[in-house]
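Values quoted throughout were computed directly from the atomic coordinates according to the rules given, and no laboratory measurement underlies them. Since this is a predicted model, take the numbers as computed values, not measurements. Cβ atoms come from the backbone with ideal geometry, glycine included; neighbour counts cover every protein chain shown.
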Amino acid sequence: MSLIISLSALLLSVIFIQVGSGSLGPLDALAGQSNGFTAGQIGLLGSSHFLGLLIGCFIYPHLIRRSGHVRIFAMTASISAISALLHPLFIDVFFWCMLRVMTGFSIAGAYTIIESWLQAKLTNDNRGRVFGIYRVVDMSGVVLAQGVIAMLDPATYAAYNIIAVVACLSLMPLALTRSVPPELPATLRFKPFFALRLSPLAGLGVISAGMTNASFRMVGPVYAIETGLEATDIAIFLVLGVVGGAFIQVPAGYITDRFNRRFVLIGFSMAAIIVCLITGSLSFLGLQTVMVGFLMAFLFGAATMPIYSICATHANDFAKIDELVELSASLILLFSIGAILSPVLCGYLIENFNAGAMFLFIASVHIVLVTYSVWRMGIRPALNMSSYRYIPRTSVFINFILRERGNAHPENTDPEKANS
């Protein structure tokens, strides 16, 4: 308990970050819709956010080494607030895209700082437990963000002003904490496609997870509007997707530690295919109701949200201890690539076909992933597995701090480097 209290400033900052960043995507979708943006243009806004996240992967290691954690976190909070405040000044899709790149860039830095700082305070004995609490806090912020959306009028200055205030509030706990920032390595190698070389299946799975999650987060509000949901219902729809993912995290970890990870990945992807095909078909047939939509959102989150951690853990099975930093950064890069591509594609599909086309597109992504998984299983047998854990998608420094875990995982010290 004393450890959690000592980390309370970091966890409080996480809540403010999630409320601010989690509100902006749906708010832009709703405001864009009311201002005459097309579904394709709204998808472009979502892609711009993840482009900023991708750029941050390359830049923040150098910035933090040069200026320190607290100063760079202050910079990220400022960028988030400025981006939110500038939205109402010019109602233009390309101007908003530029602002969303800024927001994504700031979020990449904020989470890199929070997660690396958090990991520096943990040991092998308490890391899993504390990161479970961190995940609950993180998801609670997402839920609160959707509640904020339900209360705001998206076409007003006030909505963006509130998000700017929340962005500024995220700075206060970290600025006032007495906790000492962690030390960082003098140099940090970055191998962008290392994960694909180490495990092509894990790399493709992470790209698929990026495409899936970004589609739901950034274009999901457009889908909800097109199927007739009101603002409050849209917030509930998005929240249930998060709740479904949170609900399945512990069972997913239990299953993944006890069975071949590739079988588990295929199982979750098959579940995603079924849910998406049902949801898309109901939308095309005009049979989608509010309650059915809520149920499908919950099942969608349960089927898709664990896939990133499953793939990342599978990739860790093949990595040496001194390769974990490069692997972590490479996975984030691949996730961002998928997240950049999918919102634009889903927006185009909704605009030119039907709202259900978004879920049919996601189903096709997982069909490819399942097919490739089965093919890879025929090429390489399973290795001895390390323990499953929730693996964040945002920090490029986390696995540097986890290197001391090497003695606990001797199977990772000299794995055969054949592709898997």
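Taking each residue as 0.36 nm, the span from T232 to A158 lengthens on full extension beyond its C-alpha to C-alpha distance by 24.8 nm.
Highest-first packing order for the peptide set 203-214, 51-62 is 203-214, 51-62, based on the mean count of other beta carbon atoms within 10 Å. Protection proxy ranking, highest mean first, for peptides 235-246, 332-343: 332-343, 235-246, where packing is the per-residue count of other beta-carbon atoms within 10 Å, averaged. In a fully extended conformation the segment linking L89 and S8 would gain 25.6 nm over its present Cα-Cα distance, using 0.36 nm per residue. Here the Karplus curve 6.51 cos²θ - 1.76 cosθ + 1.60, taken at θ = phi - 60°, turns the phi angles of the range 348-359 into couplings of 4, 5, 5, 5, 9, 10, 7, 4, x, 4, 4, 6 Hz, with x standing for Gly and Pro. Of L63, L24, the sequence from fewest to most neighbouring Cβ atoms within 10 angstrom is L63, L24. Between T289 and V250, the C-beta separation translates, for a Förster distance of 25 Å, into a calculated FRET efficiency of about 0.25.
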